[in-house]
Number of protein chains: 2
Amino acid sequence: MRSNNRPPAVTMADVAARAGVSRALVSIVFRGVPGASPETRQRVMAAAEQLSYRPDQRARLLGSNRSRTVGVVFGLHHEFHAEVVEALFGAAETTGYDLALGAAAPTRDEARAVQSLLGYRCEALVLIGPTLSQAAIEELAERLPVVVVARALRTQAADVVRTDDFAGARAAVEHLAGLGHQSIVHVDGGRSPGAAERRRGYRAAMSALGLESRAVVIPGGLTEEDGERAAAELLAGTRPTAVTAFNDHCASGLLAAVRAQEVSVPGGLSLVGYDDSHVAGLSSVALTTIAQDATRLASSALELAVGRVAEGADCAAGREVVVPPRLVVRRTTARVG
Amino acid sequence: MRSNNRPPAVTMADVAARAGVSRALVSIVFRGVPGASPETRQRVMAAAEQLSYRPDQRARLLGSNRSRTVGVVFGLHHEFHAEVVEALFGAAETTGYDLALGAAAPTRDEARAVQSLLGYRCEALVLIGPTLSQAAIEELAERLPVVVVARALRTQAADVVRTDDFAGARAAVEHLAGLGHQSIVHVDGGRSPGAAERRRGYRAAMSALGLESRAVVIPGGLTEEDGERAAAELLAGTRPTAVTAFNDHCASGLLAAVRAQEVSVPGGLSLVGYDDSHVAGLSSVALTTIAQDATRLASSALELAVGRVAEGADCAAGREVVVPPRLVVRRTTARVG
DNA sequence: ACTGGGGACTAGAGCGCTCTAGTATTTCCC
DNA sequence: GGGAAATACTAGAGCGCTCTAGTCCCCAGT
């Protein structure tokens with residue numbers, strides 16, 4: 001029994017019949033390949049329009065035995081991921097590839113997202129800030145090209161596109177040092193992608209400035225709550241004059257929390273975030289931060305992904321694209337008072 | 001020429017050969033339908049495991065001529081949408097339906113997202129806070145079941161699931177009035193989904209309290225920036241003692257901006273947001289707000305969507321589920337000073 | 001002993017496309 | 001005017017599944 005009594009979906013055959021041509025010709029027109037006269041093309045398109053026909057992706061992909069699809073795994077609640085995803089859509093436009101989204105969230109882990117994407121036979125996978133283990137990523141990479149975005153990974157199996165977080169963290173410290181700060185604390189991101197690099201960059205910069213002994217890293221995280229918790233710890237001990245935070249969310253939580261304690265920013269404390277996310281740009285927050293170039297990360301990632309697909313398995317392994325960060329000075333940093 | 005020299009994808013036939021059964025049997029096992037003995041099931045699963053086989057969704061769906069997929073259109077940058085999407089994944093678990101995501105963003109409009117979803121032959125569409133015109137939605141609804149979430153819409157064509165925004169706005173006003181406020185301004189959301197209802201609820205509540213003449217609506221929007229702009233306007237005129245904002249983002253922008261102007265909240269101004277989004281819960285923001293129940297919105301939406309699919313075109317038209325909102329009192333509202 | 005029924009399994013025809021191999025028809029160039 | 005080459009089009013075999021209509025075999029009932 002067919003319980004659904006909507007009209008059956010219109011297929012290529014319907015369009016062909018209406019236009020008075022063969023199915024193959026309709027296929028030719030819709031794929032935009034040569035082999036049809038302009039008038040026929042016109043006629044086919046008109047027929048399709050009248051029937052409001054759209055080619056069935058599933059069948060199209062099945063038939064060509066290529067999916068022309070790149071899977072994207074992203075964190076549903078990560079603002080920065082959303083920016084990269086948007087940029088990926090822009091980049092995909094010119095490549096002829098489609099994007100399939102796999103959402104990861106607290107109640108739906110990355111592995112699930114990946115599995116569902118594999119079911120769609122993506123030709124490559126772009127993982128944005130994945131928290132999967134390196135082993136898991138390498139295993140995946142055996143099956144299809146994998147590009148990891150925004151996470152440093154030493155592996156020959158996958159390509160990596162990331163911001164130079166080491167340089168970013170260093171730039172933050174140097175900016176603060178340039179303003180006369182010496183007591184600079186880093187609130188880190190724990191095991192989050194990028195956290196280790198930023199921590200290393202921070203330490204290296206402190207050493208280079210001869211502030212080695214004053215380097216302090218306190219545990220933070222990637223959410224506002226983490227920033228708030230870090231603020232408590234920060235204010236309890238000997239107060240630094242400046243802080244570099246793992247990301248803008250953490251920084252903004254920290255900012256709000258210290259301001260609530262009557263500590264003025266940047267008067268009493270300078271603060272640098274990371275990512276240049278939306279929140280940093282708000283005039284009421286105006287966070288000095290290190291910007292990641294989502295557009296370049298996205299276009300590089302897609303380029304690597306489709307490049308690898310085209311080259312097949314025998315291409316150069318484990319390429320890495322490092323995009324330089326950019327210091328954006330706003331109003332949470334000032335000369336040490 | 002086959003440029004890609006990865007091993008060809010493993011198919012059902014491979015599994016069948018390895019397990020020594022027919023393809024059909026493998027299909028039976030993977031669909032979990034009766035018709036295979038426990039031992040055979042075991043054997044097939046083992047074979048699939050060894051080959052790390054996953055059924056090809058495209059083919060599976062093509063073959064069954066059902067996609068068992070519900071398309072979800074959401075705003076990539078809307079925190080609240082992300083919450084609903086996550087809840088939808090949870091709800092989908094029990095229905096046997098899969099979710100396909102269609103992302104809308106400033107550089108990728110909803111129509112594109114919808115078109116791409118249609119290409120995957122979704123059986124129904126869930127539109128979260130769509131900005132599409134009513135006509136466009138109705139046209140869509142002729143082709144497949146459509147459920148609109150978080151936007152009031154008077155139509156027979158689609159089902160609607162929304163929070164009772166009228167009641168929500170009223171609850172906000174009543175809460176403030178209960179604290180002695182009389183001069184209460186509403187910062188609205190313009191043409192955003194839900195904005196009109198909330199505005200009406202605000203006006204109705206003010207009237208009911210005999211504060212009709214003091215009702216003031218100033219233009220806002222759904223972003224922090226909109227809130228900041230509204231703050232400027234707010235502080236320029238005769239200052240109210242309380243504000244209800246269109247959503248939490250708008251409220252938090254407003255909050256930061258007025259605090260920057262040395263206006264204490266809630267001492268000098270009480271503020272109520274809407275949505276109970278993440279940001280409202282931050283201890284440094286602690287925004288009193290009207291919570292929308294994303295989980296219930298999501299489960300109702302999915303229920304309606306699959307219900308309509310099951311019933312076919314002849315089912316009750318234009319159902320509406322209205323989920324009650326909930327006042328969450330935090331620390332941005334206080335008795336009028 | 002014969003029938004009937006049910007469980008386990010298979011053959012094979014789709015699903016709506018793509019794409020190779022082909023058939024007409026026209027054009028072009030000595 | 002005849003062959004080559006290009007252009008416009010079609011036939012039909014897949015792609016990897018699902019699912020209907022079987023086949024086969026074993027056992028209960030009479």
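What to note about this one:
- In segment B:40-70, the residues that are within 22 Å of B:L118 (Cα to Cα), more than 13 Å from DNA strand D (Cβ to nearest atom) and of a type outside the set (A, V, I, L, M): B:T69
- Of the criteria (1) within 14 Å of DNA strand D (Cβ to nearest atom); (2) in contact with a Ser or Thr (Cβ under 7 Å, 6 or more places away or on another chain), which one A:F80 fails: (1)
- Across segment A:250-270, the qualifying residues are those that are touching a residue at least 40 places away in the same chain (Cβ under 8 Å) and farther than 11 Å from A:D226 by Cβ, and the one among them that is nearest to the other protein chains (Cβ to nearest Cβ) is A:L255.
- Selection of first residues in segment B:14-39 that are within 14 Å of chain A (Cβ to nearest Cβ) and of second residues that are outside any loop (DSSP other than H, G, I, E, B) and more than 7 Å from DNA strand D (Cβ to nearest atom), restricted to Cβ pairs under 9 Å at least 6 apart or on distinct chains, gives the following pairs, ordered by first then second residue: B:F30/B:V15; B:F30/B:V44; B:F30/B:M45; B:F30/B:A48.
- Looking across B:G96, B:G90, one residue alone is surrounded by fewer than 23 Cβ atoms within 10 Å (Cβ to Cβ), in contact (Cβ under 8 Å) with a residue 12 or more places away in the chain and in a helix (DSSP H, G or I). It is B:G90.
- Some residue of segment A:198-209 being crowded, with 23+ Cβ neighbours inside 10 Å, on the phi < 0 side of the Ramachandran plot, under 18 Å from the mean Cα position of the chain (by Cα) and modelled with pLDDT of 95 or more: yes
- Hits in segment A:302-337 (condition: in contact with a helix residue (DSSP H, G or I) (Cβ under 7 Å, 6 or more places away or on another chain), among the hydrophobic types (A, V, I, L, M, F, W, C) and under 15 Å from A:V161 (Cα atoms)): A:L302, A:V321, A:V323
- Test: residue in segment B:311-328 that is more than 16 Å from the chain's Cα centre (by Cα), more than 12 Å from chain A (Cβ to nearest Cβ) and free of Cβ contacts under 8 Å to residues at least 12 places away in the same chain: yes
- Residues that are within 12 Å of chain B (Cβ to nearest Cβ) and more than 23 Å from the chain's Cα centre (by Cα) are absent from segment A:292-308.
- For A:V73, the requirement of being outside any helix (DSSP H, G or I), more than 16 Å from DNA strand D (Cβ to nearest atom) and not basic (K, R) is met.
- Candidates A:R121, A:R68, filtered to the one that is touching a residue at least 24 places away in the same chain (Cβ under 8 Å), out of contact with any Lys or Arg (no Cβ under 6 Å at 6 or more places or on another chain) and within 11 Å of DNA strand C (Cβ to nearest atom): A:R68
- Residue selection: A:T163 satisfies the criterion of being surrounded by 23 or more Cβ atoms within 10 Å (Cβ to Cβ), hydroxyl-bearing (S, T, Y) and touching a residue at least 40 places away in the same chain (Cβ under 8 Å).
- Out of A:V173, A:V161, A:V147, A:V126, sole residue that is closer than 17 Å to A:Q292 by Cα, away from chain B (no Cβ under 11 Å) and part of a strand (DSSP E or B): A:V161
- In segment A:46-65, residue farthest from DNA strand C (Cβ to nearest atom) [restricted to those that are at the interface with chain B (Cβ under 9 Å from one of its Cβ atoms) and not hydrophobic (A, V, I, L, M, F, W, C)]: A:S52
- Matching residues, segment A:279-337, being in a helix (DSSP H, G or I) and at positive phi: A:G312
- Any hit, segment B:29-41, residues being part of a helix (DSSP H, G or I) and more than 16 Å from DNA strand C (Cβ to nearest atom): no
- Of the criteria (1) out of contact with any Cys (no Cβ under 6 Å at 6 or more places or on another chain); (2) more than 9 Å from every other protein chain (Cβ to nearest Cβ); (3) under 25 Å from A:L118 (Cβ atoms), which one B:A104 fails: (3)
The values are calculated or read from the model by the stated rules, or taken from the named source; none is laboratory data. Source: prediction; values computed, not measured. Note: ideal-geometry Cβ built from the backbone for every residue, glycine included; neighbour counts use all protein chains shown.
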